[in-house]
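Here is the structure we will look at, set down as structure tokens.
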């Protein structure tokens, strides 16, 4: 089945409030995304001039694109390849006459759900991103009243109602907490984190958001940076070489996030899809060779050699003097053989794998076929594309 038709089928089976139409032209008109570096398409680079230079972007864009990756992110594959929308422009990027007709990306690298403080990598925490959306929507609707021609560049009023509101955030809250707290203290923090997330999501609901697509957090303990810092004692690693405490915290976060998604569904008209990114990523790491990868944990772009090829003193693409010698953290010869890009983020090849598994619908809750009877007559995809 063609990718575009496939996700149309998935979304129509999942989102009951979306209009049941009889036209094959059904589509999601816009995406509004909230998150951290896993879905940042240039927000941090634009917002605080964070340097994301070469070799980032080398695989697909052939130059740095504001993404912490050699190429495309999961959000890129879902928006462009699956929904036939344009790449999402960052809210914070005003250079190059950005087009927001198909939505806007509020995600920024380093962002947390809890409010940022002076030590935060990004000042644009989830609450700030939600506030940015409110301002964005208010300003768009004001402009549309003045000049309808602006719909070529900004979303229509109807697009806000029909849009997909995507979330991938929370990893940095857990990550940062482990540097000053015990595992039990991190676990105790999770309800506080999710209370903040609930407040932000409800603000979006009050602004008209109805179709919420929520990614849980990935296996934090499998990142090379985390393993290098917290995995020096092999007894703290699981059978895959990942740090047990961090993955435990991620699992606890995800279980409580799942419960919160269930709670959201009582809101009138709310359609909430919970996507188990953790399971997709862990399956890739634990069965990497089945999917054509050769290195499940090592960073492609790093320094130090296997097994992790990561040194926290030097980031991907940097040249520094270490131990009296000038060294450069360079990328591997074939990024498609690596799951991890730079010690913190995934390669384009891994992101493509993850996206393809998201699109199967097997990792979504509610199960996609539960509501199929409501849409069976909508004919939103052509069986000839199978």
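Throughout, read-outs are computed from the coordinates displayed, never taken from laboratory work. Bear in mind that the values here come from a model prediction, so they are computed numbers and not experimental data. Ideal geometry is used to build each Cβ from the backbone, glycine not excepted, and the neighbour counts take in all protein chains shown.
How much of the DSSP beta bridge set in the chain is antiparallel, as a percent to the nearest 5?
Here the share of antiparallel DSSP bridges comes out near 30 percent.
How would you classify region 247-363 from its alpha-carbon gyration tensor, with a ≥ b ≥ c the square roots of the eigenvalues: rounded for a/c under 1.5, else prolate if a/b is greater than b/c, otherwise oblate?
On the way: a/c = 3.01, a/b = 2.08, b/c = 1.44.
The shape class here is prolate.
Among 213, 341, which comes first, then next, by fewest other beta-carbon atoms within 10 Å? Intermediate results must be reported in sequence, preceding the final value.
Values: 213 23, 341 30.
The most exposed by this proxy come first: 213, 341.
Taking the mean number of other Cβ atoms within 10 Å as a proxy for protection, how do you rank 234-240, 175-181, 269-275 from highest to lowest? Let's see the in-between values first.
Values: 234-240: 11.9, 175-181: 16.0, 269-275: 20.4.
Top to bottom by mean Cβ count within 10 Å: 269-275, 175-181, 234-240.
So for 214, 154, 48, fewest C-beta neighbours within 10 Å to most, what's the order?
Working: 214 24, 154 19, 48 16.
In order of increasing Cβ crowding within 10 Å: 48, 154, 214.
Can you compute the helix-only [θ] at 222 nm over the chain? Use -39500 (n - 2.57) per DSSP H run of at least 4 residues, normalise by all residues, nearest 500 deg cm²/dmol.
Details: 10 runs with 125 residues, N = 386.
Helices in the chain give a 222 nm mean residue ellipticity of -10000 deg cm²/dmol.
Taking only Cα atoms, what is the 0 to 90° angle, nearest 10, from helix 277-286's long axis to the longest principal axis of the chain?
40
Just want the ordering: 65, 94, from fewest to most Cβ atoms lying within 10 Å of their own Cβ. Intermediate values should be presented prior to the final figure.
Numbers: 65 21, 94 10.
By the 10 Å Cβ count, ascending, the order reads 94, 65.
Quick check on packing: order 258-265, 347-354, 119-126, 203-210 by the mean number of other C-beta atoms within 10 Å, highest mean leading. All intermediate terms of the calculation are to be shown ahead of the outcome.
Working: 258-265: 15.0, 347-354: 24.4, 119-126: 20.1, 203-210: 17.0.
Ranked by mean Cβ neighbours within 10 Å, highest first: 347-354, 119-126, 203-210, 258-265.
How big is D for region 65-193, in µm² s⁻¹ as a whole number, if Stokes-Einstein is applied with the Kirkwood radius of its Cα pairs at 37 °C and 0.692 mPa s? Show your work: numbers first, answer last.
Working: Rh = 16.6 Å.
So the translational diffusion coefficient is about 198 µm²/s.
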